[in-house]
Amino acid sequence: MRMLAIGITAFVVTAALLVTAAPASAQIAGSMRGLSGSPSIRGDILRAPPADPGLVQRVSISREMGGIRDAIRGGRAAGQLSRSEARALRREGQRIEAMGARLAQGGYTAAEVAMLRSRTEALRSAVVAKRSQGVGGR
């Protein structure tokens, strides 16, 4: 019986030590966040927001789409893309540009920018893949 009491006491003391140790570790992590008022220990750089965020995003998407259109044109001229493949890729590019124009009217949210970028990158990857396969998917 005495051994059981000692075991229970040891368990309670260990549990109490663990409970009191958690706030101390949280205090250490919290104190490292910014002794000088910085947003985090990673040294995030804070930039001033652009005058018109929609304009900045629209320009970058348009530039990327221009490069993709050039790659489609080049693939078609080199015989790496069939007419129907080039047409399908151009249509997807037009869909992305139309979506970007629609979203720009109300200003972009971070999620919309991420979606447009991912769709643009997917289209770029599709163009590269189709061009590397050649006409007929060889």
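The values are calculated or read from the model by the stated rules, or taken from the named source; none is laboratory data. Keep in mind it's a predicted model, so treat the numbers as computed, not measured. Please note: Cβ atoms are built from the backbone with ideal geometry, for glycine as well, and neighbour counts cover all protein chains shown. The protein model used for the area step is the full one, side chains on, heavy atoms only, and it has no ligands, DNA or RNA in it. Shrake-Rupley method; radii C 1.70, N 1.55, O 1.52, S 1.80 Å.
Brief remarks on what is shown
- Members of region 126-138 found to be assigned to a helix (DSSP H, G or I) and either over 18 Å from GLU92 (Cα atoms) or open to solvent by 60 Å² or more (accessible area, probe 1.4 Å) (or both), listed by number: VAL128, LYS130, ARG131, SER132, GLN133
- Residues of region 66-90 classified as among the acidic types (Asp, Glu) and surrounded by fewer than 15 Cβ atoms within 10 Å (Cβ to Cβ), total: 1
- Counting only residues that are in contact with an Asp or Glu (Cβ under 6 Å, 6 or more places away or on another chain) and β-branched (Val, Ile, Thr), region 68-109 holds 0 of them.
- Total residues in region 93-125, condition outside any helix (DSSP H, G or I) and surrounded by 18 or more Cβ atoms within 10 Å (Cβ to Cβ): 1
- Any hit, region 46-65, residues being within 22 Å of ARG131 (Cβ to Cβ), of a type in the set (A, V, I, L, M) and either open to solvent by 90 Å² or more (accessible area, probe 1.4 Å) or at pLDDT 90 or above (or both): yes
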